[in-house]
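Notes follow once the structure below has been shown.
No lab work stands behind these numbers, since they all come straight from the coordinates. Remember, predicted model here, so these are calculated numbers, not experimental data. Note that each Cβ is placed from the backbone with ideal geometry, even for glycine, and that neighbours are counted across all protein chains shown.
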Amino acid sequence: MAELSVEAVLVTQAENRRYLSGYTGSAGTLLVTSSQALLITDFRYYEQVSQQAPAFTLVKQNKTFKQALRQAVQAAGAKTIAFESRDVSVGLYQDMRDALAGRGERLIVELVPASDLVEPLRVVKDEDEIAAIARAARIADAALAAALPHFAAGMSEIEAAWQIERRMRELGAQGVGFELIVASGPNSALPHARPSSRPLQEGEPIVIDIGARVDGYVSDMTRTICLGKPGARFRKIYDIVLRAQLGALAGIKAGLDGKAADALARDVITQAGFGKKFGHGLGHGVGLQVHEQPRLSHLLTEPKPLQAGNVVTVEPGIYLPGWGGVRIEDLVVVTDAGVRNLTGSPK
């Protein structure tokens, strides 16, 4: 707040709200000053706030959000307020302006758009956060191991994804970390394919990208399998991706920036002649969201050094339209000496 020359910050983004307050409700807004922490929400969540966010003063939204926001800002006495510009919609911004306008619609409080107010605080995970992510990773490992024996030619991608999701729930996950991916044959050439009614077939690549959610934190991992006997093309592409991933896992450590980390895998794939078929970054941070800071990518213009306590994915891939793709992804904790791998599924 001092750097932005503001007296308060409005936090509307759900994961940021949870991170700062502990409150997990689906509706609410934080107003934080140097001396006060207020939480605006409606009747559905009054008791939940008292249980989860006792350090925050509850501002009850009895009627409209505009009235509650005006009340909170008056209680805080703030005249300059930063808000999360990447999260606030045009409609919500107009509501904020209306709430804080005086006569003649002149703003009596200055609203300052800002980004990355809370996200940098979430980049380095503490031991409790890492423990939750590790539990989610173990559940994903176990669910995949339990589901794979039931995969068979003729089963649809949707049914295969459900075989995994059902077991995650049975193993104690709150839910999936994201919409699970099971993509077979030509569909596996789409890095973010959605499960379809296409039946699994023998001899083709099947990309399985899954994650569980535990205590609000998620995991993320990908395995590429083949029903029956894989052909020579599958083995060639798979081996290149595996070498690229193992090389990156061996070289990533605190102090290495995200662009250099990406190059550890990308150089292997490029030298094998498939550089243009690896179009996405090597990895991304994982925590309360499945995609968060930091980024490991060749597209970074201002790469930053990785820090001990970052939790990131390492997921090179090769995608060949009309045939399919191969991606192998592990979830790791960055340390000063290297990485600690949270993913246990075989490759």
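Below 8 Å between Cα atoms, with a sequence gap of 6+, how large is the relative contact order for segment 8-121 in percent? Once normalised by length, the contact order is 24 percent.
Rounded to the nearest 10 degrees, the inclination of helix 258-271 to the longest alpha-carbon principal axis of the chain is 20 degrees. Pairs of Lys residues in the chain, spaced 8 or more positions apart or belonging to different chains, with C-alpha separations under 17 angstrom: 10 in total. Simple rule: put +1 on each Lys or Arg Cβ and -1 on each Asp or Glu Cβ in the chain, find the dipole, and look at 24, 57, 178; the Cα lying farthest toward the positive end is 178. In sequence order, segment 286-301 has phi-based couplings of 9, x, 5, 10, 7, 10, 8, 5, x, 10, 10, 7, 6, 8, 5, 9 Hz under the Karplus curve 6.51 cos²θ - 1.76 cosθ + 1.60, θ = phi - 60°, and Gly or Pro positions carry x.
As a footprinting exposure proxy, order 217, 238 by other Cβ within 10 Å, with the fewest listed first.
Details: 217 26, 238 19.
Ascending Cβ contact count within 10 Å gives the list 238, 217.
So what's the net charge close to residue 62: Lys and Arg +1, Asp and Glu -1, counting the other residues with Cβ under 14 Å from its Cβ?
Neighbour charge sum, excluding residue 62 itself: +4.
The smallest convex shape that holds all Cα atoms of segment 7-55, its convex hull, gives 64 Å³ per residue. Counting Lys +1, Arg +1, Asp -1, Glu -1, what net charge surrounds residue 12 among other residues with beta carbon under 9 Å of its beta carbon? Summing Lys and Arg as +1 and Asp and Glu as -1 gives -1.
Arranged by the count of other C-beta atoms within 10 angstrom, fewest first, what order do 225, 208, 164 take? Don't skip to the end; give the middle numbers.
Working: 225 16, 208 27, 164 23.
Going from least to most buried by this count: 225, 164, 208.
For segment 8-121, the Cα-based Rg and Dmax, in that order, read 13.2, 41 Å.
Work out, step by step, the length gained on full extension between residue 48 and residue 320: first 0.36 nm times the residue separation, then minus their alpha carbon distance; give nm to one decimal. Don't skip to the answer; put the middle values down first.
Values: separation 272, 0.36 × 272 = 97.92 nm, distance 4.93 nm.
So the chain would gain 93.0 nm between residue 48 and residue 320.
The length gained on full extension between residue 162 and residue 3, counted as 0.36 nm times the residue separation minus their Cα-Cα distance, comes to 52.5 nm.
For the chain, the longest principal axis of the alpha carbon atoms and the long axis of helix 65-76 meet at an angle near 70°.
From the square roots a ≥ b ≥ c of the eigenvalues of the alpha-carbon gyration tensor of segment 232-334, which class results: rounded (a/c under 1.5), prolate (a/b over b/c), or oblate? Please report the intermediate quantities before stating the final value.
Working: a/c = 1.92, a/b = 1.79, b/c = 1.08.
Since a/c reaches 1.5 and a/b is larger than b/c, the shape of segment 232-334 is classed as prolate.
Amide hydrogen proximity for residue 22: with H placed 1.01 Å from N in the peptide plane, no residue at 5 or more positions away or on another chain lies under 5 Å.
Apply the Kirkwood formula to the chain: the hydrodynamic radius equals the inverse of the mean of 1/r over all pairs of different alpha-carbon atoms; give it in Å with one decimal. Working shown, then result.
Details: mean 1/r = 0.0453 Å⁻¹.
For the chain, inverting the mean 1/r across all distinct Cα pairs yields 22.1 Å.
Please say if segment 177-279 is rounded, prolate or oblate, where rounded means a/c under 1.5 for a ≥ b ≥ c the square roots of the C-alpha gyration tensor eigenvalues, and otherwise the choice is prolate for a/b larger than b/c and oblate otherwise? Cα axes put segment 177-279 in the oblate bin. For residue 59, the amide hydrogen comes within under 5 Å of the amide hydrogens of 39, 40, 41, counting only partners 5 or more places away or on other chains and with H modelled in the peptide plane. Relative contact order of the chain: 14 percent, from C-alpha pairs under 8 Å at least 6 residues apart in sequence.
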